[in-house]
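Engineer: Could you have a look at this structure, given as structure tokens, before my questions?
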Amino acid sequence: MSAPEVIRTEQLAENAAALIAEYGKRAIAERGIFRLALAGGSTPGAAYRLLAEDPQGLDLAKVQFTFGDERCVPPDHADSNYRMARETLLDKATVPEGNVFRIRGEIDPEAAAVECEAQLKAVAARFGEKVYRHDLLLLGMGEDGHTASLFPGYPALDVKDRWLVPTLGPKPPPQRVTFTYLLIDAARCVCFLTNIKGKAEVLERVLAGDRAFPAARVNPTDGTVIWMIGESR
Ligand code: 6PG
């Protein structure tokens, strides 16, 4: 993998929204669709909101949305990544229902993983892809260097034959469904969005390639990695 591009900014949300719009317009021009994986957590919502307010020429009706992970809670639960995306972006944009591949956190986690993987497999088959290929896959990073719901020391890190799996994690709520590296590494571009606050040391070690941290193990087969790091004063 080529070295990641590192962008340090005091305007993380603005820069992230612009990057999503830029990658989206390019994907739609090339393939008629923009396959975008949304990150969860508390960081990306501001960028999603800005994109909903001003899509910068990106046709949100041509975006296929997936989620890098989901907490196993109902879709209207305060901890739901889908709810966060719905409130900041999806409800404000004209996104056809069929373009949102929600991980159903309200059902059995294994069933939810299998269901979402089957949806992605149907699209991948239409594109003649062995693995569904996101145009842009957004990820966050936790203070322990986890990404999506790939946490240090958990078996999900080692899954090589599935695209999504149920997992537990130390960050509440514990039961989750997550993308595996197999699906993440198929992306054309993976973009981490994170604030440096409370994560400076871990970030340094991740950027140095320390594989003790799950975020450092993201390694697209034929794609790029961007780190967009918020340094709000
Ligand atoms: C989740 C996220 C998780 C998140 C990181 C960073 O469901 O919690 O997918 O990977 O991106 O924990 O979270 P913050 O953005 O809140 O720091």
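Engineer: Does LEU137 fit the bill of being touching a Cys at 6+ places or on another chain (Cβ under 8 Å), more than 10 Å from the ligand (Cβ to nearest atom) and of a type outside the set (S, T, N, Q)? Reasoning before the result, please.
Structural biologist: Working: touching a Cys at 6+ places or on another chain (Cβ under 8 Å): yes; more than 10 Å from the ligand (Cβ to nearest atom): yes; of a type outside the set (S, T, N, Q): yes.
Spelling it out, LEU137 is indeed touching a Cys at 6+ places or on another chain (Cβ under 8 Å), more than 10 Å from the ligand (Cβ to nearest atom) and of a type outside the set (S, T, N, Q).
For every residue, the table says whether it meets (1) β-branched (Val, Ile, Thr); (2) at pLDDT below 95; (3) under 26 Å from PRO75 (Cβ atoms).
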residue: ARG162; (1), (2), (3): no, no, yes
residue: LYS171; (1), (2), (3): no, yes, yes
residue: VAL177; (1), (2), (3): yes, no, yes
residue: PHE213; (1), (2), (3): no, no, no
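Engineer: I would also like to ask the following. Does any residue of segment 110-120 turn out to be of a type outside the set (Lys, Arg), touching a Leu at 6+ places or on another chain (Cβ under 9 Å), surrounded by 16 or more Cβ atoms within 10 Å (Cβ to Cβ) and in a loop (DSSP other than H, G, I, E, B)?
Structural biologist: no
Engineer: In addition: Mind checking whether some residue in segment 184-201 is open to solvent by less than 20 Å² (accessible area, probe 1.4 Å) and assigned to a loop (DSSP other than H, G, I, E, B)? Give the steps one after another, and end with the answer.
Structural biologist: In the first step, residues of segment 184-201 are kept if they are open to solvent by less than 20 Å² (accessible area, probe 1.4 Å); the result is 184, 186-187, 189-194.
Next, only the ones that are assigned to a loop (DSSP other than H, G, I, E, B) stay: 186-187.
Within segment 184-201, one or more residues are open to solvent by less than 20 Å² (accessible area, probe 1.4 Å) and assigned to a loop (DSSP other than H, G, I, E, B).
Engineer: Turning to a different aspect of this structure: Among the residues of segment 150-168, is there at least one that is of a type in the set (Phe, Trp, Tyr), over 26 Å from PHE34 (Cα atoms) and open to solvent by 10 Å² or more (accessible area, probe 1.4 Å)? Give the derivation first.
Structural biologist: Residues of segment 150-168 of a type in the set (Phe, Trp, Tyr): 151, 154, 163.
Next, only the ones that are over 26 Å from PHE34 (Cα atoms) stay: 151, 154.
After this cut, where a residue has to be open to solvent by 10 Å² or more (accessible area, probe 1.4 Å) as well, the list is 154.
Within segment 150-168, one or more residues are of a type in the set (Phe, Trp, Tyr), over 26 Å from PHE34 (Cα atoms) and open to solvent by 10 Å² or more (accessible area, probe 1.4 Å).
Engineer: If you don't mind, another one. Answer yes if at least one residue in segment 170-181 is in a loop (DSSP other than H, G, I, E, B), open to solvent by 20 Å² or more (accessible area, probe 1.4 Å) and of a type in the set (Ser, Thr, Tyr), and no otherwise.
Structural biologist: no
The values are calculated or read from the model by the stated rules, or taken from the named source; none is laboratory data. Here the structure is a predicted model, which means the values were calculated and not measured. Cβ: placed from backbone, ideal geometry, glycine included. Neighbour counts: every protein chain shown. These accessible areas exclude ligands, DNA and RNA; they are computed on the full protein's heavy atoms, side chains included. Shrake-Rupley method; radii C 1.70, N 1.55, O 1.52, S 1.80 Å.
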